[in-house]
Amino acid sequence: MNVNIVYPGPTRRGRVIALHCSGAGAGQWRYLAEALGGRYEVIAPEHYGSESTGPWTGEHVFEIADEAARTIALIDQCKDKVHLVGHSYGGGVALDVAMARPDRIASMALYEPSAFHLLRQIGEPGAEAYAEITGIARRICRGVLTGDYRGAVAAFVDYWNGPGTWDTMRPVAQNTLIRWAPKGPLEFQALINNPAPADAYGSLAAPVLILRGEHAPVPTRVIADVLSDLLPASRIIAIAGAGHMGPFTHAPEVSALIGRHIVDAEADAQPRRQRRPRSLSEVLGAAAPPAEAMS
């Protein structure tokens, strides 16, 4: 098994598995490892499409479960419960992992998880967001199919980071994303076609911290709000001034919040909004709770 970066904790109080976003790598969690101060072992496996893991095997139609398999294997090797962390695509994978091993999760911290399949299930509230994200997915797919990898990833980067971001990136970073480009369509289709029903998330009893940027794109904003109501022990915090890439642009703040959540969950000190799991129809019939502001 290829586990790319391990940040060892000298006291080995527990294990944190942190899943990076699309086109990034395990190194995005260095701030988190520092925030945890060596109190936890932080494992950051990289996804298919990264240089260390290599491309998807092509054995069958790629599914989110294929990406989750590596993390599930890591959990199965550990006798204690683990803390799951995920950003964007990594957050979508983390949710699938938690559904596969619900009794092995000590806590979850998700920054704008890309659970795009939920947008199809919530009807009118998700229609605009679904149209937006499938539009960018089509743009990426067209670029990859025609060989315009640069154009595809430029559109991808500018969507999540803001217009003009691609042009300001260093050539080495651009080239890394261009090499990742063929994986992009696989990730989009796996997230959009994830068969997990929204009501199933009510079975996840572990405490969940949902983070989103103040300037989150519509799709991930809607998903964060819906998940905060579907998950029975969750709370949501908006990071002032941040967008979708908050774990990079606001790394110290985001890492501190995740670290505190993990420590509190370990001590069972975090106040939980533990409640009867709500069905999707109940969620849609009530306004989502407002996110706490974090400046």
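Numbers for the structure displayed
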read-out: Which numbered condition Glu112 misses (of (1) at negative phi; (2) charged (D, E, K, R); (3) assigned by TED's automatic domain parsing to the domain that holds Gly202); value: (1)
read-out: Helices (runs of 4 or more DSSP H) contained entirely in segment 61-150, each with at least 1 residues that are surrounded by fewer than 18 Cβ atoms within 10 Å (Cβ to Cβ) and free of Cβ contacts under 8 Å to residues at least 40 places away in the same chain; value: 64-76, 89-100, 124-146
read-out: Flag if Pro163 is modelled with pLDDT of 95 or more and either closer than 20 Å to Leu19 by Cα or in the same structural domain as Gly25 (by TED's automatic domain parsing) (or both); value: no
read-out: Residue satisfying all of: in segment 1-55; modelled with pLDDT under 95 and of a type in the set (Asp, Glu); farthest from Met108 (Cα to Cα) among these; value: Glu51
read-out: Residues that are over 16 Å from the mean Cα position of the chain (by Cα), surrounded by fewer than 20 Cβ atoms within 10 Å (Cβ to Cβ) and assigned to a loop (DSSP other than H, G, I, E, B), drawn from segment 24-52; value: Gly37, Gly38, Arg39, Glu51, Ser52
read-out: Test: residue in segment 74-90 that is among the small types (Gly, Ala, Ser) and over 19 Å from the mean Cα position of the chain (by Cα); value: no
read-out: Filter pass, Ile237 being within 20 Å of Ala106 (Cα to Cα), within 14 Å of the chain's Cα centre (by Cα) and in the same structural domain as Val97 (by TED's automatic domain parsing); value: no
read-out: Looking only at segment 15-71, and only at residues there that are out of contact with any Asp or Glu (no Cβ under 8 Å at 6 or more places or on another chain) and of a type in the set (Lys, Arg), the one that is farthest from Leu95 (Cα to Cα); value: Arg39
read-out: Number of positions in segment 188-235 that are not in a loop (DSSP other than H, G, I, E, B) and not small (Gly, Ala, Ser); value: 23
read-out: Selected residue [touching a Lys or Arg at 6+ places or on another chain (Cβ under 9 Å), modelled with pLDDT of 60 or more and part of a loop (DSSP other than H, G, I, E, B)] from Ala286, Ala242, Ala238; value: Ala242
read-out: Breaking point among (1) closer than 19 Å to Cys21 by Cα; (2) touching a helix residue (DSSP H, G or I) at 6+ places or on another chain (Cβ under 7 Å); (3) not aromatic (Phe, Trp, Tyr), for Gln121; value: (1)
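The values are calculated or read from the model by the stated rules, or taken from the named source; none is laboratory data. Remember, predicted model here, so these are calculated numbers, not experimental data. Ideal geometry is used to build each Cβ from the backbone, glycine not excepted, and the neighbour counts take in all protein chains shown.
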